[in-house]
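S.K.: I have a structure here, written as structure tokens, and I will follow up with some questions on it.
Bear in mind these aren't lab numbers, they're just calculated from the coordinates by the rules spelled out. The shown structure was predicted, so the numbers you read here are calculated from the model rather than taken from an experiment. Every residue, glycine among them, receives a Cβ derived from its backbone with ideal geometry; neighbour counts consider all protein chains shown.
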Amino acid sequence: MRIRRILATVIATAALAGLGLTGAATATAQPNPVSPEQCRQGGGTPDFRDFTCKGGTYDGRFLID
């Protein structure tokens, strides 16, 4: 009986740890980069010093070629 409780605790702990790792990976995902033209169409201004879109719909997103 005691082994079953320990095994259940170990499985539950592993499952919760797995959910925590999945949540952390999702939280750090970056939004898709946009082209300079998409940035302008969204009302923003491409900033080529730090390669991001400033303002508009795509504010803060990285620029791609």
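S.K.: Please report the net charge: other residues with Cβ closer than 12 Å to the Cβ of Lys54, K and R +1, D and E -1.
M.R.: Once positives and negatives cancel, what remains is 0.
S.K.: Run the numbers for Ser35 and Phe48: contour at 0.36 nm per residue of separation, minus the present Cα-Cα distance, in nm.
M.R.: 3.5 nm
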